[in-house]
There are 2 protein chains.
Amino acid sequence: MSFDITILGSSAAIPSKGRHMTSQHVRIGNQQFLIDCGEATQHQLLNLGISLHKIEHIFISHLHGDHFFGLPGLLSTMHLQRRTEPLYIHGPRGLDEVLLASFKHSKTELNYKVFLYDNPTMFPEVIYENDKITVETIPLTHRVPCTGFLFREKQKQYRIIPEKLPSGLPFEAFRALKRGENIEFEGKPINYQDVTLPPRKSRSYAFCSDTKYSKSVISKVYGVDLLYHESTFMNRHLDRANVTFHTTAKQAGEVAREAKVNELLIGHFSARYADLSELLAEAQVEFPNTQLAIEGEKFSIIETD
Amino acid sequence: MSFDITILGSSAAIPSKGRHMTSQHVRIGNQQFLIDCGEATQHQLLNLGISLHKIEHIFISHLHGDHFFGLPGLLSTMHLQRRTEPLYIHGPRGLDEVLLASFKHSKTELNYKVFLYDNPTMFPEVIYENDKITVETIPLTHRVPCTGFLFREKQKQYRIIPEKLPSGLPFEAFRALKRGENIEFEGKPINYQDVTLPPRKSRSYAFCSDTKYSKSVISKVYGVDLLYHESTFMNRHLDRANVTFHTTAKQAGEVAREAKVNELLIGHFSARYADLSELLAEAQVEFPNTQLAIEGEKFSIIETD
């Protein structure tokens, strides 16, 4: 099953040449999600050849414009392109007001249903779940209520070794083995460990949007395969990071190291940095397996034993 | 004095590859204006190297998203880039609600003043005026209240022929001649016609945003130097144009011909047309001096005698 994150925007606050505001497209198996939706997210989806129509859930981290001003336009285009599938939006309280005001005077009645859910911001909570994954909030520390999102595969099943199974085994017994249960067949016990391989590892992606550096994030993202963490500033602008409730590249590297994640992506770069390689180098001192989350890059989390 | 219109977007309703939603930048002398502000207008200004900061007035034709969803982001970027000059926005009633909702939850207090004026939609009215130009509304026929905008230079002054003036003429007399008044100097009458050339022609630009074809527009834009008229559809989709209150390229050409304008720009093209040359050809049958108003094109109205 695929587990891909495509970066639509790497820029903090304002666009700069070639850099767009925050948005990421997440594809897990045949499900598609969008995280944040800065202005011109629909243009970026178009540029990267990603269809709007397969996006089922949109997660908005907070109500600073660079993270949601693209939402009315995206919804409008879905409408004009005759979407009928419902759309689920998970965002901070107040997002409904913006959407209602945006469409009120155009007398637009969207021809698909939008379900809007307020993000809980105090504690981590599962806000979406299906048979394969959960999406949980990560409370963050910013100037307005803000959450990250943790995408995590559920515990997977034991993998049957077909040649070790007796023939004629009923389907229910087969499924019990996959769940890791011992069974009896024709009077003989079968231990699941003898006929299965352990489940593949459940993969996880944590998106940490705008936030002041905070140790409390470390436990929330502990051990994830891939961590996106904002890195608005270089550490030489630490004062500016503190005042604006943002993180430096060095601090993002520290979070990744302390949380023992596998890989770190940094993004949300201040327009003052023309050369992003210095941000990368700073984070890599703390955590070598770091990459820049820049426009058009796709990061895949590979399934492993 | 320059009188330039730069096209930021040529697309109707939704973006397509390389085509953006409606916005135009107008420069008259040292004053800068923006007409409409579809999503990603600020990106287009950035791409074309036009500074946001010199824009004094923004004119919004109507509250369909493709004409104003870029406004909150533009205002936000002006704020973050420390604008202090006031900004004047002329838009349909209700625009204030959208802007207030957009900024409410980010707790943003813009560090410059925004003056918001409701556009009159029933009759043409001057909504902005300085010593050189007026901007007047053009009532249009669309599904929601909608106006175009007519930029017109005021009557210019008579041009003094210096070698025909007696020396020692006081400044007040000089100015009277420029206004086309006869004077007396040292007991002798001076007829302004003997010492001046006629004023240069006052130039004019009419922007006709989304509208059903309507003969009432013709008198409003009669004789302008440059007319922008929407041409969402080819005439083979006339039914669609009628239902959606839009105009075909043929009809736009007819308006230009009947209004005896000098030059026609067509734009706001439906994404269904990959090849815009067919829209151009259709309009040119009716009015040969037609051009496509596409991204990055700059149209200058030259000052003539």
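Some points to look at:
- Test for A:Met122: is it surrounded by fewer than 17 Cβ atoms within 10 Å (Cβ to Cβ) and within 24 Å of the chain's Cα centre (by Cα): yes
- Residue match in the range A:49-61 (condition: crowded, with 22+ Cβ neighbours inside 10 Å, within 13 Å of chain B (Cβ to nearest Cβ) and closer than 20 Å to A:Val26 by Cα): yes
- Against the list (1) touching a helix residue (DSSP H, G or I) at 6+ places or on another chain (Cβ under 6 Å); (2) in the same structural domain as A:Leu140 (by TED's automatic domain parsing), the condition A:Lys220 fails is (1).
- Within the range A:13-52, the set of residues being more than 28 Å from B:His79 (Cβ to Cβ) and of a type in the set (S, T, N, Q) comprises A:Asn30, A:Gln31, A:Gln32, A:Ser51.
- Restricted to the range B:11-105, the set of strands (runs of 3 or more DSSP E) holding at least 1 residues that are among the aromatic types (Phe, Trp, Tyr) comprises B:31-35, B:55-59, B:87-91.
- Hey, A:Arg83 charged (D, E, K, R), modelled with pLDDT under 95 and closer than 26 Å to B:Ser102 by Cβ or not: no
- Taking residues in the range B:250-277 that are farther than 28 Å from B:Gly18 by Cα, and partners anywhere that are assigned to a loop (DSSP other than H, G, I, E, B) and of a type in the set (A, V, I, L, M), the pairs with Cβ atoms closer than 6 Å and at least 6 places apart or on different chains are B:Ala259/B:Val221; B:Val261/B:Val224.
- Scan of the range A:1-37 for residues that are under 15 Å from the mean Cα position of the chain (by Cα) and among the small types (Gly, Ala, Ser), ordered by number: A:Ser2, A:Gly9, A:Ser10, A:Ser23, A:Gly29
- B:Gly180 meets all of the listed conditions (1) small (Gly, Ala, Ser); (2) surrounded by 22 or more Cβ atoms within 10 Å (Cβ to Cβ); (3) in a loop (DSSP other than H, G, I, E, B) but one, namely (2).
- Test: A:Glu125 is within 26 Å of A:Phe245 (Cβ to Cβ), in the same structural domain as A:His142 (by TED's automatic domain parsing) and free of Cβ contacts under 8 Å to residues at least 12 places away in the same chain: no
- Filtering the range B:135-164 to residues that are assigned to a loop (DSSP other than H, G, I, E, B), exposed (fewer than 15 other Cβ atoms within 10 Å of the Cβ) and of a type in the set (D, E, K, R) leaves only B:Lys154.
- Residue within the range B:104-116 that is over 27 Å from B:Val243 (Cβ atoms), among the hydrophobic types (A, V, I, L, M, F, W, C) and out of contact with any helix residue (DSSP H, G or I) (no Cβ under 9 Å at 6 or more places or on another chain) present: yes
- Complete set of residues in the range A:194-224 that are outside any loop (DSSP other than H, G, I, E, B), free of Cβ contacts under 8 Å to residues at least 60 places away in the same chain and charged (D, E, K, R): A:Asp194
- Residues in the range A:99-128 that are among the hydroxyl-bearing types (Ser, Thr, Tyr) and within 12 Å of chain B (Cβ to nearest Cβ): A:Ser102, A:Ser106, A:Thr108.
- Pick from the range A:11-34, criterion among the hydrophobic types (A, V, I, L, M, F, W, C) and in contact with a helix residue (DSSP H, G or I) (Cβ under 9 Å, 6 or more places away or on another chain), ranking: surrounded by the fewest Cβ atoms within 10 Å (Cβ to Cβ): A:Ile14
- Filter result (out of contact with any Pro (no Cβ under 7 Å at 6 or more places or on another chain) and either at pLDDT 95 or above or among the charged types (D, E, K, R) (or both)) within the range B:143-158: B:Arg143, B:Cys146, B:Gly148, B:Phe149, B:Leu150, B:Phe151, B:Arg152, B:Glu153, B:Lys154
- Subset of the range B:80-91 that is within 14 Å of chain A (Cβ to nearest Cβ) and surrounded by fewer than 21 Cβ atoms within 10 Å (Cβ to Cβ) - its residue that is nearest to B:Tyr112 (Cα to Cα): B:Arg83
- A single member of B:Asp4, B:Asp96, B:Asp66 is within 12 Å of chain A (Cβ to nearest Cβ) and surrounded by fewer than 16 Cβ atoms within 10 Å (Cβ to Cβ), and it is B:Asp96.
The values are calculated or read from the model by the stated rules, or taken from the named source; none is laboratory data. From a predicted model like this one, the values you see are computed outputs, not experimental measurements. Here the Cβ is made from the backbone with ideal geometry for all residues, glycine too, and neighbour counts use every protein chain on show.
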